[in-house]
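Inspection log for the structure reproduced underneath, given as structure tokens.
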Amino acid sequence: MMATKYDSVTYYASSDCLVKLTEQYGDRLERMSSADKLALLATLAGFLADDSEDYGLYAASEDCGLRASDEFYVALAILDRVTPNDALSLQIAIANQLKDGVYAA
């Protein structure tokens, strides 16, 4: 499939952490593996589902219990201060990327 504007992270939001993420992995996160994107989707969902202030992405990733690469944890570090709105926007972009086959081999 061909990448579309809906695959672009910055189509949905352009906060500092999302811009840094795209600088590291590409605007469509094309340098991130599908496994890491799926782990990030699960982590972001867990983060959004828990509304306590001290619950962050690292805790959400541990609660998911998924194996991920070192690159996944680099992405988590970049997203350390992601807002709930940006997390949801990122999920939408990642879902479109996975559907369109935009990920590293």
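The set of residues from the range 51-105 being at pLDDT below 90 and touching a Leu at 6+ places or on another chain (Cβ under 9 Å) comprises Leu66, Ala68, Val102. Could you go through the range 65-74 and let me know if any residue there is among the charged types (D, E, K, R), surrounded by 13 or more Cβ atoms within 10 Å (Cβ to Cβ), out of contact with any Asp or Glu (no Cβ under 8 Å at 6 or more places or on another chain) and part of a helix (DSSP H, G or I). Within the range 65-74, none of the residues are among the charged types (D, E, K, R), surrounded by 13 or more Cβ atoms within 10 Å (Cβ to Cβ), out of contact with any Asp or Glu (no Cβ under 8 Å at 6 or more places or on another chain) and part of a helix (DSSP H, G or I). Among the criteria (1) assigned to a helix (DSSP H, G or I); (2) at pLDDT below 95; (3) crowded, with 21+ Cβ neighbours inside 10 Å, the one Leu44 does not fulfil is (2). Residues in the range 1-39 that are free of Cβ contacts under 8 Å to residues at least 24 places away in the same chain and aliphatic (A, V, I, L, M): Val19 alone.
Taking each residue of the range 70-96 that is within 20 Å of Tyr55 (Cβ to Cβ) and looking for partners that are of a type in the set (Val, Ile, Thr) with beta-carbon atoms closer than 8 Å, six or more apart or interchain, yields Leu76/Thr43; Ser89/Val9; Leu90/Val9; Leu90/Val82.
The values are calculated or read from the model by the stated rules, or taken from the named source; none is laboratory data. Worth saying up front: this structure is predicted, and the values here are computed from it rather than measured. All Cβ positions, even for glycine, are placed from backbone atoms using ideal geometry, and neighbour counts span all protein chains on display.
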